[in-house]
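Below is one structure; the comments refer to it alone.
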Amino acid sequence: MKNPTPYYKSFLQAMLTFLRVRITPLSLTLALSVITTGSLSIAEPGRSTNISLTTTGKILINVNTETNSVTVFGVKSNGDTLEKIAEIPVGKEPHSVAVLRNNEAYVTNSASSTVSVIGLKGKGENKVIAEIPVGTEPRGCALTPSGNKLYVANHTAGTVSVIDTSTRTVIDTIEVGGNPAAIAITDDGDKTD
């Protein structure tokens, strides 16, 4: 929709605030589109956030916050070309992605307070195969070098969830305070995580 009238925009902002709906540029645009055209059509993702590459370098996962999805790309021609393989719906407001070897991708969903597990091979290929509840507003995530654990920074909760990747369950919640938004893990060279 082009050039919405200021009246509609002001009215919608007031109504969405009154209804306690979180106002984002996307929610305002969608609401304006419905009011002025009488219908709603969802566009292709226009921008993305985090990306992650499989260990083989052949699959790239791209998070699309505005459409609550991730896009899976095949990497071709020695990395010069990307071919879209699938777009997969995940939880609300996906934020970050980490790839376990070449088998699974873990996507934090900020508004859903979950981590979506996406299968990259076998029966569950290019589908959400599990949803793991974590703390409030998960943002960053990182896998240990062995891939046995996934650490998730829960921004609003001020915690870090530790997920066992084999059972897909939270095995610990660490109080860190503040508002953790990102997380990184280094390998100190020993055989433990």
Tell me, please, whether a residue that is closer than 29 Å to VAL176 by Cα, open to solvent by 40 Å² or more (accessible area, probe 1.4 Å) and outside any strand (DSSP E or B) can be found in region 73-91.
no
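Let's see how each residue does on (1) over 12 Å from the mean Cα position of the chain (by Cα); (2) touching a residue at least 40 places away in the same chain (Cβ under 8 Å):
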residue	(1), (2)
VAL107	no, yes
VAL115	no, yes
ILE118	no, yes
PRO133	yes, no
GLY140	no, yes
LEU143	yes, yes
LYS149	yes, yes
THR156	yes, no
VAL160	yes, no
Does SER52 count as in a strand (DSSP E or B) and at pLDDT 90 or above?
yes
Among the numbered criteria (1) modelled with pLDDT of 60 or more; (2) surrounded by 13 or more Cβ atoms within 10 Å (Cβ to Cβ), which single criterion is violated by SER33?
(1)
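The values are calculated or read from the model by the stated rules, or taken from the named source; none is laboratory data. Since this is a predicted model, take the numbers as computed values, not measurements. So basically every Cβ, Gly included, is an ideal-geometry build from the backbone, and we count neighbours across all protein chains shown. Each accessible area value is taken on the protein alone, full model and side chains, heavy atoms only, with ligands, DNA and RNA left out. Shrake-Rupley method; radii C 1.70, N 1.55, O 1.52, S 1.80 Å.
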